[in-house]
Amino acid sequence: MQFDDDANLDTSEVKDVRGSRVPGGRATIGGGLVGIIALVLGLLFGVGPDQLGLSSGDQEPGPAASSVNEVQQECRTGRDANAREDCRLVAVVNSTQDFWRQEFARRGGQYSPASTVFFTGRVNTACGAATSAVGPFYCPADRQVYLDLGFFNELRTKFGASGGPFAQAYVVAHEYGHHIQNLLGTLQRSQDGRQGANSNAVKVELQADCYAGVWAHNATRTPDESTGRPLITNLTDQDIRDGLDAAAAVGDDRIQEKFQGRVTPESWTHGSAEQRQQWFYQGYRTGDMAQCNTFR
Ligand SMILES: [Zn+2]
């Protein structure tokens with residue numbers, strides 16, 4: 001994955017609160033059994049952590065701005081995105097939202113943007129307080145994506161994904177898929193309290209994977225607002241393989257096998273490794289969100 005060196009990054013789409021202290025307790029990053037269970041439940045989950053019973057009760061509207069906003073200082077151009085992980089993620093957020101903004105416009109609608117919050121350890125959201133243990137998530141109540149960059153190490157070390165820049169991009173694009181669902185009114189279908197291989201929860205998750213693929217298909221041909229040229233200049237077959245590999249690594253069957261030693265489809269929330277790959281690839285192959293009807 002390569003970015004246009006001369007493109008300007010839009011850091012207003014990212015809130016960098018890494019290193020800021022949040023009242024209410026110490027961070028517990030994937031520690032112990034509770035951490036693992038929370039991680040399994042929360043991984044790439046489409047809803048806020050209050051749904052997971054992890055809320056500590058504080059309902060502050062959102063994280064306060066950090067005094068040192070590293071992203072704003074360091075991530076200015078595509079050249080920075082090619083050099084630094086956090087800047088690369090800013091660029092992915094920019095590319096994803098550029099695509100959806102243009103896609104909504106093309107369909108006669110209007111896209112409403114969602115910020116991504118970079119945090120470490122613990123964060124307060126409109127969906128309740130969360131620790132890094134829940135993994136990346138989207139909170140529909142404040143329309144923000146929450147991301148502890150430390151998760152990407154876990155994706156390799158805990159979940160056995162091959163990693164790579166595009167594995168990270170897939171995770172971000174999946175969360176923006178939930179934002180699209182929120183804007184289109186489909187996200188709430190996952191809120192019926194059911195789980196299992198044929199549940200709406202799984203269908204919503206697979207659709208978010210498909211939307212991530214739709215973005216990937218269009219990423220290298222979506223003009224950036226600062227230059228009129230695509231921000232992402234190159235995606236290789238290896239990038240797509242890294243994305244597919246990450247999608248498989250967070251499949252319910254893989255996770256269950258790894259952490260509980262057996263596969264129980266009746267408690268699936270996100271879909272199997274094969275399904276997640278299939279739907280990401282369906283989006284990537286067609287580039288058409290109309291091909292992402294996982295409810296059919
Ligand atoms: Zn999800």
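The values are calculated or read from the model by the stated rules, or taken from the named source; none is laboratory data. Treat the numbers as computed from the prediction; the structure is a model and nothing was measured. Every residue, glycine among them, receives a Cβ derived from its backbone with ideal geometry; neighbour counts consider all protein chains shown.
Looking at (1) within 16 Å of the ligand (Cβ to nearest atom); (2) surrounded by fewer than 24 Cβ atoms within 10 Å (Cβ to Cβ); (3) of a type in the set (S, T, N, Q), which is the only condition Q168 fails?
The number of the failed condition is (2).
Condition check ((1) hydroxyl-bearing (S, T, Y); (2) more than 16 Å from the ligand (Cβ to nearest atom)) across all residues:
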{"position": "E103", "(1), (2)": "no, yes"}
{"position": "P113", "(1), (2)": "no, yes"}
{"position": "T120", "(1), (2)": "yes, yes"}
{"position": "Y138", "(1), (2)": "yes, no"}
{"position": "F159", "(1), (2)": "no, no"}
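Does region 146-157 include one or more residues that are touching a Ser or Thr at 6+ places or on another chain (Cβ under 7 Å) and away from the ligand (no atom under 16 Å from the Cβ)?
yes
A290 passes all but one of (1) of a type in the set (A, V, I, L, M, F, W, C); (2) touching a helix residue (DSSP H, G or I) at 6+ places or on another chain (Cβ under 7 Å); (3) surrounded by fewer than 17 Cβ atoms within 10 Å (Cβ to Cβ); (4) assigned to a helix (DSSP H, G or I); which number fails?
The failed condition is (2).
If H270 passes every condition in (1) part of a helix (DSSP H, G or I); (2) within 23 Å of F295 (Cα to Cα); (3) within 14 Å of the chain's Cα centre (by Cα) but one, which one does it miss?
Among (1) part of a helix (DSSP H, G or I); (2) within 23 Å of F295 (Cα to Cα); (3) within 14 Å of the chain's Cα centre (by Cα), H270 violates only (1).
Out of region 231-242, which residues are within 13 Å of Y170 (Cβ to Cβ) and either acidic (D, E) or at pLDDT below 95 (or both)?
Scanning region 231-242 gives D239, D242.
Filter region 212-222 for residues that are under 13 Å from V171 (Cα atoms) and more than 10 Å from the ligand (Cβ to nearest atom); which is surrounded by the most Cβ atoms within 10 Å (Cβ to Cβ)?
G213
Name the pairs whose Cβ atoms lie under 6 Å apart, with the first residue in region 193-208 and in contact (Cβ under 8 Å) with a residue 12 or more places away in the chain, the second hydrophobic (A, V, I, L, M, F, W, C) and more than 9 Å from the ligand (Cβ to nearest atom), and 6 or more positions between them or separate chains?
Taking only residues 6 or more apart or on different chains, the pairs are Q195/A201; G196/W268; A197/W268; V202/W268; K203/F295; L206/W279; Q207/C292.
More than 14 Å from the ligand (Cβ to nearest atom) and either assigned to a helix (DSSP H, G or I) or closer than 27 Å to L231 by Cβ (or both): does that describe H178?
So H178 fails the test.
Looking only at region 219-241, decide whether some residue is closer than 22 Å to T286 by Cβ and in contact with a Cys (Cβ under 6 Å, 6 or more places away or on another chain).
Checking region 219-241: not a single residue is closer than 22 Å to T286 by Cβ and in contact with a Cys (Cβ under 6 Å, 6 or more places away or on another chain).
Which of the residues spanning region 200-232 are of a type in the set (S, T, N, Q) and touching a helix residue (DSSP H, G or I) at 6+ places or on another chain (Cβ under 8 Å)?
Matches in region 200-232: N200, Q207, N218, T222.
When the residues of region 100-142 are narrowed to those that are buried (at least 24 other Cβ atoms within 10 Å of the Cβ) and part of a helix (DSSP H, G or I), which ends up modelled with the highest pLDDT?
So the residue we want is W100.
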